[in-house]
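First comes the structure, then the notes that go with it.
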Amino acid sequence: MQILTTDVVVVGGGAAGCYAALELTRKHIDTIIVCKGLVGKSGASLFAGNLVLGGGLLGNTPEQARNTAEFLIKYHNQYLIDQNWAKRCGQWIESVYYPELEAAGLYFRRDDDGNVVVSPGKIRSVAANVQGNSGVPFMDLRRKQVIKAGIRRLEETIVTSLLRREDGSVCGVFTVNCLTGEYAVVLARAVVLATGYSDRLHKRSTGTREMSGDGLAMAWRAGASLVNLEMQWWHTNDVAHPPTWQRVQIYPNPVLGSEHSARMVNSAGEEFFNQQVDDPMAFGPYTVQLKRLVKQVHAGKARFDGGYFAGFDHIDPREIDAYTTYGKPFYQLGLDPRQGPIETAVTAHYRQGGILVDTANMRSSVPGLYVAGGVGGHSNGLIALVTFDGKCVADGIAAEIGGLHPGTLPDEQVELERRRIDSLLASNGEGLAPVQVKEEIRRVMWEKAGVEKNHASLTGALEDLDRIRTCVLPNMRVKNHTRVANYEWVDAIDVHNMVDVAELIVHSSIERRESRGPFMRTDFPETDNENWLAANIMIKTDNGFRFEQVPYDLPFFQPDFARRDNMAVPW
Ligand SMILES: Cc1cc2nc3c(=O)[nH]c(=O)nc-3n(C[C@H](O)[C@H](O)[C@H](O)COP(=O)(O)OP(=O)(O)OC[C@H]3O[C@@H](n4cnc5c(N)ncnc54)[C@H](O)[C@@H]3O)c2cc1C
């Protein structure tokens, strides 16, 4: 087995992981990236449609800058955010992020007069090339930068566990190469988890195949505290059929370079959402759309998995074709959202919650374990925010590197992990294939811990997950026993993380006894700022876990009510 040593191992090659590695390297801290897919070509970052959050490049007025901050804190995080971190982040995006990207050659879409094209309105965004496809050129750039910087990469390689010293601090990772089946250990002074926010845990999800909650599962096993896991966000307008197109979006956000947005129509043909009219920020927090949709579902005029429609049939088609991907790629799929609305459905999207971090340095509660990006519980994802995390974690580690000791090989843990992963390859029960178990977990989460839930449905989910853990997993059947490019084996590894994370999410959902933004409990329909304007922290104990609620400081924006029906709250 290969044993590599470095100062820092970064787990994940999305926007957060790449930027963390680049910043660490700039500070002369030796870094290795381990990535389940290809660096810059796996995870959610690739799918970012726009570059949201305005900086100086957008020519924002002070009022627009304030709107953007309000959007981030109130509409994007429902106040469950460190507002001082949000402020630092906004300042960095303005002064460093956009100028640096442009200097590195990222092309922000311009009109014929050379002006950067924005989505006009209270909040403005730009696109790298076109709306709907900004993540691709963005991550192409990051991949090139990582390669050019000479950063070592273990690609198509899964981190399956965090290795720890006797004092509990993290000292490295155990890995499996998906293509060769070979194991390797990377020993380090510090590990940065940058595995993304999305866990592909629901029947419909914007997550990709490598998203199985690995980062959360590994951090929890290592003893890290988690926060606000229940705060799941939902896309409201992704194509309903076939299931493989579930990540194809018809955003009801402002169309780039236009005053218009997609509209949403129920099964009776009645328009029930139009961004410009119905959204206070006229920008696109999905919660506002989701609340409208829930009312339609209650009225029997839509379902969460379809039966309602979105499109641009009220807009001049030239506005759609100019700067968005809602034209050509859709026609290639036989769809034309310019002509008439297309059937859409809800998909699980960001998870706002994740690993609890100190936002000053992105340290988790476990020594040696740091976090960047969506897997952290400090904010909802956006590509600019997770990039800022990459900077913060590099600064944090650089400040502490003197006190971080080189990784040492914990032989016993390595041997145990090797045997565990070997035994998954050898799974020869009579039961379901790993991919079928994944589908079963996703069905349970969709039906019992989906958009609307309550104590009864959530405890039902726990029972089902327990049945999967105790009866289905031990009886799982892996037919293909080769070590080479065996994605059935990968599924078998993933599925254990998925069960663990699904359970943690359900427990957190039971604990938050209110409704807030996209978190909707039918048995606690009110947003309760008296008791729940707080981080819902899950702490591992010797015999399980306990919860602790820590109120947020609210230095800049505060809600203006104590309790209110969540459906009547505009954010
Ligand atoms: C459909 C869609 C549309 C979006 N639109 C926008 C938008 O318009 N604007 C915007 O700003 N943001 C948007 N986002 C959100 C944005 O893309 C994310 O917030 C951000 O990219 C998250 O970056 P990340 O680096 O934290 O995670 P990711 O980009 O998800 O990267 C995670 C990385 O971790 C790796 N990984 C996972 N598990 C393991 C493991 N066990 N071992 C090794 N590696 C592992 C993966 O392979 C991947 O490389 C969108 C997201 C999606 C899915």
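The values are calculated or read from the model by the stated rules, or taken from the named source; none is laboratory data. Just so you know, these numbers come straight off a predicted model, no measurement behind them. We place every Cβ from the backbone using ideal geometry, glycine too, and count neighbours over all the protein chains shown. The protein model used for the area step is the full one, side chains on, heavy atoms only, and it has no ligands, DNA or RNA in it. Shrake-Rupley method; radii C 1.70, N 1.55, O 1.52, S 1.80 Å.
Taking all Cα pairs closer than 8 Å and separated by 6 or more residues, the relative contact order of region 49-133 comes to 47 percent. Tally Lys and Arg at +1 and Asp and Glu at -1 over the other residues with C-beta under 11 Å from the C-beta of Gly40: what net charge comes out? Around Gly40, the surrounding residues sum to +3.
Based on C-alpha pairs under 8 angstrom that are at least 6 apart in sequence, the chain has a relative contact order of 19 percent.
According to the Kirkwood relation over distinct C-alpha pairs, the hydrodynamic radius of region 235-350 is 13.9 Å.
Rounded to the nearest 5, what % of the DSSP beta bridges within the chain are antiparallel ones? Numbers along the way, then the final one.
Values: 51 of 74 bridges.
In the chain, approximately 70 percent of DSSP beta bridges are antiparallel ones.
Per residue, the accessible area of region 49-133 comes to 38 Å², computed with a 1.4 Å probe over protein heavy atoms only.
Taking 18 Å as the straight-line reach from the Cα of Lys295, the lysines in range (excluding those fewer than 8 positions away in the same chain) are Lys453.
Dividing the helix sum by the residues of the chain, where each DSSP H run of 4 or more adds -39500 (n - 2.57), gives a mean residue ellipticity at 222 nm of -9500 deg cm²/dmol. For region 66-170, chymotrypsin sites (Phe, Trp or Tyr not before Pro) meeting the loop criterion (DSSP other than H, G, I, E, B) and having at most 15 other Cβ atoms within 10 Å: Tyr107.
The largest accessible area among Glu488, Glu526 belongs to the first residue in Glu526, Glu488, and the rest follow in falling order (1.4 Å probe, all chains). The candidates Asp389, Asp111, arranged from most to least accessible area with a 1.4 Å probe in the full protein assembly, appear as Asp111, Asp389. All other residues whose Cβ lies under 15 angstrom from that of Gly390 are scored, Lys and Arg at +1 and Asp and Glu at -1, for a net of +3.
Our summary of shape: the Cα atoms of the chain have principal axis extents of 64, 52, 50 Å, ordered from largest down, in whole angstrom. Only protein heavy atoms count here; on that basis, with a 1.4 Å probe, Arg292 has an accessible area of about 80 Å². Pair-distance distribution P(r) for region 49-133, from all Cα-Cα distances in 5 Å bins starting at 0: 3, 14, 24, 25, 19, 10, 4, 1, 0 percent. In percent, rounded to a whole number, the relative contact order of region 235-350 is 32, using alpha-carbon pairs under 8 Å and six or more apart. When Arg109, Arg66, Arg363 are compared by accessible area of protein heavy atoms, the largest-first order is Arg66, Arg363, Arg109, using a 1.4 Å probe. Sequentially through region 479-494, phi angles give Karplus couplings (6.51, -1.76, 1.60; θ = phi - 60°) of 7, 9, 9, 6, 8, 8, 6, 9, 6, 5, 5, 4, 4, 5, 5, 4 Hz, Gly and Pro residues having no value and appearing as x. Just list whichever of Lys144/Lys391; Lys74/Lys448; Lys36/Lys144; Lys27/Lys144 have alpha carbons separated by over 22 Å in the model shown. Listed pairs above 22 Å: Lys74/Lys448. Using a probe radius of 1.4 angstrom, the carbon and sulfur fraction of the accessible surface of region 234-283 is 52%. Here's the picture: charge each Lys and Arg Cβ at +1 and each Asp and Glu Cβ at -1 in region 1-107, and of Gln83, Ile73, Phe47 the one pushed furthest to the positive end of that dipole is Phe47. A cut-off under 10 angstrom between Cβ atoms defines the neighbours of Asp528, and their net charge, with Lys, Arg +1 and Asp, Glu -1, is +2.
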